[in-house]
1. Please work out how much length the chain gains when fully extended from residue 73 to residue 37, using 0.36 nm per residue of separation minus the C-alpha to C-alpha distance, in nm with one decimal.
2. Under a plain spin-label model, where a point goes 7 Å from the Cα along Cα-to-Cβ, how far apart in nm are residue 63 and residue 92?
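Read-outs: derived from the displayed coordinates by stated rules, not from any lab. Values in this document were obtained by computation on a predicted structure and should not be read as measured data. Neighbour counts are summed over all protein chains in view; Cβ atoms, including those assigned to glycine, are modelled from backbone coordinates with ideal geometry.
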Amino acid sequence: MPRSIKISAAKAVIGLVLSVKQEKFCIEYAKSGNARQAYKDAGYSVRNDRTADANASRLLTNANVKERLAELAEEAKNESIADITEMQQKLTS
């Protein structure tokens with residue numbers, strides 16, 4: 001089941017600065033795990049897949065992008081735990 005991942009406006013306040021395209025890349029990558037497709041879906045101009053792969057790989061080494069991906073993974077994990085807890089409550093009530 002696909003999860004919707006929300007963009008947090010508070011990120012700029014706490015010091016995590018990403019461009020709009022970088023944020024979109026992070027969200028798309030968190031959803032699919034496919035760096036090339038996330039790069040394209042984020043709106044970056046792509047000449048060919050090789051260039052997209054290289055640039056997506058470069059983005060994945062960016063410290064702010066890594067931090068944002070870790071945050072998104074934690075959010076997804078917390079949502080999964082909440083879903084499991086809700087299912088358990090339904091089954092036991």
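1. On the way: separation 36, 0.36 × 36 = 12.96 nm, distance 1.83 nm.
Full extension of this stretch gives 11.1 nm more.
2. Each label point is offset 7 Å from its Cα along the Cβ direction, giving 4.4 nm.
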